[in-house]
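See structure below.
The values are calculated or read from the model by the stated rules, or taken from the named source; none is laboratory data. All values reported here derive from a predicted model rather than from experimental measurement. Counting neighbours? That spans all protein chains shown, and the Cβs are built from the backbone with ideal geometry, glycine included.
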Amino acid sequence: MTYAVFAVIFKFSNFVCETYNKSWFQFHECRLKAISREKVILNMNGTILHSVYNIQTEGKMFKRESGFKPWLLESKIDACRFMRKNYNPIAKLIFGLFKEFTNINHTCPYLGPQTVRGFYLKPELLKLPFPSGEYMLSLRWFFDQKLQFDTNVSFLFVEDILKA
């Protein structure tokens, strides 16, 4: 009898946050925590200090091959418009991974605490075929066309097919 068993490793490996304008946005927490060998959670806590009605996000996906290689995917979105109507398929995929772990799930304006708590990667939510490897998602956040902060998250995705 022959059958296939799919073993998937899908977990965070690094998380870096950087603020460029602390009078508009401040990070209080930006870290990963290993829960088990297979599960790493991401916690992010920051505060928007003034009401924001105009948010753009520039996202780039990189793959590690002797250092991170140029972007595989690039997307720029109007975050306020996206929260009203999920119009961008790449952003919809990424937001779908973490929306149950965050309070960043409403339309503009944004003000006050913005959190992502206990977020871990679920392979069943990844709806695109991914080759095995280490990836980095770089997000640049702009308020009124001015760069406010960056969030860069690296993750490992390995899919093994074992035959018995």
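Please pick out the residue among S13, S51, S36 that is under 21 Å from V116 (Cβ atoms), surrounded by 12 or more Cβ atoms within 10 Å (Cβ to Cβ) and either of a type in the set (S, T, Y) or in contact with a helix residue (DSSP H, G or I) (Cβ under 7 Å, 6 or more places away or on another chain) (or both). Outline the logic, then answer.
On the way: S51 fails: surrounded by 12 or more Cβ atoms within 10 Å (Cβ to Cβ); S36 fails: surrounded by 12 or more Cβ atoms within 10 Å (Cβ to Cβ).
From the options S13, S51, S36, the qualifying one is S13.
For segment 83-133, a tally of residues being more than 21 Å from K39 (Cβ to Cβ) and among the polar types (S, T, N, Q) returns 6. Taken as a whole, segment 59-66 holds no residue that is in a strand (DSSP E or B), modelled with pLDDT of 95 or more and surrounded by 14 or more Cβ atoms within 10 Å (Cβ to Cβ).
Exactly one residue out of F95, F130, F155 is touching a strand residue (DSSP E or B) at 6+ places or on another chain (Cβ under 6 Å) and closer than 24 Å to E18 by Cβ, and it is F155. Inspect segment 38-47 for any residue being within 17 Å of L126 (Cβ to Cβ) and in a loop (DSSP other than H, G, I, E, B) and give the result as yes or no. Within segment 38-47, one or more residues are within 17 Å of L126 (Cβ to Cβ) and in a loop (DSSP other than H, G, I, E, B). Can F119 be described as in contact with a strand residue (DSSP E or B) (Cβ under 7 Å, 6 or more places away or on another chain), surrounded by 15 or more Cβ atoms within 10 Å (Cβ to Cβ) and within 17 Å of G59 (Cβ to Cβ)? The answer is yes for F119. Of the residues that make up segment 74-81, is at least one under 25 Å from E29 (Cβ atoms), in contact with a strand residue (DSSP E or B) (Cβ under 9 Å, 6 or more places away or on another chain) and surrounded by fewer than 17 Cβ atoms within 10 Å (Cβ to Cβ)? Yes; the residues of segment 74-81 include at least one that is under 25 Å from E29 (Cβ atoms), in contact with a strand residue (DSSP E or B) (Cβ under 9 Å, 6 or more places away or on another chain) and surrounded by fewer than 17 Cβ atoms within 10 Å (Cβ to Cβ). Whenever a residue of segment 17-29 is touching a residue at least 40 places away in the same chain (Cβ under 8 Å), its partners that are surrounded by fewer than 16 Cβ atoms within 10 Å (Cβ to Cβ) and among the aliphatic types (A, V, I, L, M), lying with C-beta atoms within less than 9 angstrom and at least six residues away or across chains, give the pairs Y20/L147; N21/L147; W24/L49; F25/L49.
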